[in-house]
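Written out below as structure tokens is the structure these notes cover.
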Amino acid sequence: MHNNLISQAGQMNLHGVPNDMIQAMAGVACVVFGPVIQALYGFLAKRRIAFGPMKRIAVAYIICGSAMAYASGLQQLIYSTGPCYDAPLACTASDNGRIPNDINVWTQLPVYIGLAVAEIFGLVTASQYSYSHAPKDMRSVVQAMVQLSACLGSVMGIAISPAARDPWLVVVYASIAAALGVCSVLFWWIFRRHDRDNNRA
């Protein structure tokens, strides 16, 4: 999805900022929000509010889905703005691709912040949980399986890449957002008992 988001930024008014620079804000957001989220965990623990690993991962799905829903809305805004509307950089008014649609590229920032926060809630928690619950002799294998899931996600991204082009990008982002919403519900429904087991322990 990062490649699609870089392409989305290229359709927008960059104001001198490279279209691949906004994605660097995801790293900045991880550094900024990491301690904030860690403090949130401590705050909830002191008040005996259960926020176990399965809840964190389910929340990560929701946040990631919300970021994709925002990207879908932003893409619709791009398509609703001239000079090229749903054919950014491809119409004669774009001066051979030099004039993008008139949307400020910084409106894309919430997408990267959402993805970074979701990564802190989800990926970090999944890695920590899988490592701490794996048998000692199997930890490297379990971590490899975590990485394999990321690989499968990339394969799915490649599979949908033919559809990821104008003027279908609104539907692509919206479909991913919907899939993440469904996954959050399914994940919580299937794995919620592990949070209860952790609380008993």
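Here are some notes:
- Carbon/sulfur fraction of accessible area - the chain, other protein chains in place, 1.4 Å, %: 66 percent
- Separation of the L14 and S161 label points, Cα + 7 Å toward Cβ, nm: 2.1 nm
- A full extension of the chain between L186 and L148 corresponds to an added length of 11.7 nm, given 0.36 nm per residue minus the alpha carbon distance.
- Histogram of C-alpha separations across the range 144-201, 10 Å bin width, %: 19, 34, 31, 13, 4, 0
- Calculated mean residue ellipticity at 222 nm for the chain: -22500 deg cm²/dmol, from DSSP H runs with n ≥ 4 weighted as -39500 (n - 2.57), summed, divided by the residue count and rounded to 500.
- Rounded to two decimals, the Cα radius of gyration of the range 52-201 over 2.2 N^0.38 Å is 1.31.
- Inter-part distance where the range 8-40 and the range 86-142 are each reduced to a Cα centre, Å: 9 Å
- Trypsin sites (Lys or Arg not before Pro), loop per DSSP, at most 13 other Cβ atoms within 10 Å - longest free stretch of the chain: 99-164
- Normalising the average separation of contacting C-alpha pairs (under 8 angstrom, six or more residues apart) by the number of residues puts the relative contact order of the range 82-129 at 23 percent.
- Note on R193 and S175: their simple-model spin labels are 3.4 nm apart, each label 7 Å out from Cα toward Cβ.
- Neighbours of L40, meaning other residues whose beta-carbon lies under 14 angstrom from its beta-carbon, give a summed charge of +4 when Lys and Arg score +1 and Asp and Glu score -1.
- Extension gain for T92 to V36 (0.36 nm times residue separation, less C-alpha to C-alpha distance): 15.4 nm.
- Mean accessible surface per residue for the chain, computed with a 1.4 Å probe while every protein chain stays in place, in Å²: 57 Å²
- Cysteines having no other Cys beta carbon under 4.7 Å from their own, within the chain: C30, C64, C151, C183
The values are calculated or read from the model by the stated rules, or taken from the named source; none is laboratory data. Because the structure is a prediction, the values reported are computed rather than measured. Cβ coordinates were reconstructed from backbone atoms using ideal geometry, including for glycine residues, and neighbour counts include every protein chain displayed. The area values use the complete protein model at the heavy-atom level, side chains included, leaving out ligands, DNA and RNA. Shrake-Rupley method; radii C 1.70, N 1.55, O 1.52, S 1.80 Å.
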